[in-house]
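Every read-out reported here was derived from the displayed coordinates using simple, explicitly stated rules and does not represent laboratory data. All of these numbers come straight from a predicted model, not from anything done at the bench. Here the Cβ positions follow ideal geometry from the backbone for every residue, glycine too, while neighbour counts run over all protein chains shown.
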Amino acid sequence: MLTDRFRRPITYLRISVTPRCNLRCVYCMPPEGLPAPRDGELLTNDEIVSFVRAAARQGIRRVRLTGGEPLIRRGIEDLVREIAATPGIEEVSLTTNAMLLAKKAPALTAAGLTRVNVSLDTLDAEKFRRITRGGQIERVFAGIAAAETHGLTPVKINTVVVRGVNDDELTALARLTVEHPWHVRFIELMPVSNAQEWGPGFPADGERYISVQEMHARLAHLGLEPAEAPRGNGPARTFRIPGALGTVGFISPLGEHFCQTCNRLRLTADGALRPCLLMDAEVQVKEQLRAARDVSPRLLEAVSLKPAGHELLQQRYPEARHMAQIGG
Ligand code: SAM
Ligand code: SF4
């Protein structure tokens, strides 16, 4: 069993398989996008798989593929297949904007993917296009439908809540869970390289953040009851509208619960291990993987560097990467 200095079991690995994306959400990427990766900059499938094998030997049991947009990586199905077949790995899941999910769901299921988290911040097609700088909302719904048809369930929906952008839709988004067995999770906006202007009609930095406490209070009229969390609901606190098929979760990166229950390591697409999403410390593993050297010492070093908690409340923000380069 892999545990850190604070006795938290580390069983979960999030892998960003590409920093690139077919969308440019305002809180995640600059409007001009990110520079294209250089030749050889990103880990190959073989390198990622050899890292996962080493991680599984140390006690990692669940893997999530993220990005950037994981479904634009060529050979993503092969990567899923190899990770799913790795001894010790019990579950492979994926976080996606769902633009390509309808097309890829059958192959992903066949490859051994367990389930998907879909990001969706609004039910309004025009607002969706503005937040994502070009996305088509009907593709998200087609993607969710395909995920359900092909057994990539339970579907979780991640919603980043931003004041003046989608906080007027909290009730409508929560109500999706009444008739659908979906798990909608409201997430606080994190200050990760996104303080700049987002464009016309979007609030300024400092006016965007809403706490989960406020979100919860604004949903009081739904009579939310504490509920058992679906598997893999991570740091979410989980509730149910009475009689609903799905659940409503709240994820508070700025609150305590988030760090106390942290069970994860992150691997970036260019081969850096991040002990903490919200701090810039990294441990490089690319050269080890390229030279076929044992990466276990680096992995243990990354675990040993996990802090008790982030320092956002002390105004120490991560600045080295955009969220799309970390994977959320
Ligand atoms: N492209 C995929 C997607 O959007 O689901 C996977 C990568 S994305 C970086 C992973 C998650 O991080 C998404 O649910 C996204 O909404 C969330 N995210 C991105 N930037 C964020 C921020 N600044 N604060 C909170 N969540 C953020
Ligand atoms: Fe792309 Fe996901 Fe970031 Fe949106 S949140 S820009 S879909 S990586």
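Annotations for the structure displayed:
- Under 18 Å from the Cα of K127 - lysines, other chains or at least 8 residues apart: none
- Averaging the Cα positions of each part gives two centres, and for segment 90-136 and segment 270-300 these lie 28 Å apart.
- Largest first, the three principal axis extents of the alpha carbons in segment 230-328 are 55, 32, 24 Å in whole numbers.
- Using the alpha carbons alone, the radius of gyration of the chain stands to its Kirkwood radius in an Rg to Rh ratio of 0.94.
- Ordering N166, H183, A195 by the projection of their Cα atoms onto the charge dipole of segment 135-232, which places +1 on the Cβ of Lys and Arg and -1 on the Cβ of Asp and Glu, puts H183 at the extreme positive end.
- Only the Cβ atoms of Lys and Arg (+1) and of Asp and Glu (-1) were treated as charged; on that basis the dipole of segment 2-326 about its Cα centre amounts to roughly 680 debye.
- By the count of other C-beta atoms within 10 Å, a proxy for reagent exposure, M1, M279 are ordered fewest to most as M1, M279.
- Highest-first arrangement of 222-229, 89-96, where packing means the average Cβ count within 10 Å: 89-96, 222-229
- Averaging the sequence gap over all C-alpha pairs within less than 8 Å and six or more residues apart, then dividing by the number of residues, gives segment 35-192 a relative contact order of 18 percent.
- Under 5 Å between amide hydrogens, built in the peptide plane, is the criterion, and for I10 it picks out L2, T3, D4 among residues at least 5 positions away or on other chains.
- Most to least packed among 128-138, 97-107, 284-294 [average Cβ atoms within 10 Å]: 97-107, 128-138, 284-294
- Within the same chain, aspartates and glutamates fewer than 8 places from K103 are excluded, and of the rest, those with a Cα less than 18 Å from its Cα are E69, E77, D78, E138, E148.
- Unpartnered cysteines - no second Cys beta carbon under 4.7 Å - across the chain: C21, C259, C262, C276
- Using the Cβ of D4 as centre and a radius below 12 Å, the other residues enclosed give a net charge of +4, where K and R count +1 and D and E count -1.
- Annotation: the antiparallel percentage among DSSP beta bridges lying fully within the chain is about 25.
- Peptide packing: for 113-123, 74-84, the average count of neighbouring Cβ atoms within 10 Å per residue gives the ranking 113-123, 74-84, highest mean first.
- Residues D46, D4, D39, sorted so that the one with the fewest Cβ neighbours within 10 Å comes first: D39, D46, D4
- Size of charge dipole - segment 187-262 - debye, nearest 20, with Cβ of Lys, Arg +1 and Asp, Glu -1, no other charges: 280 debye
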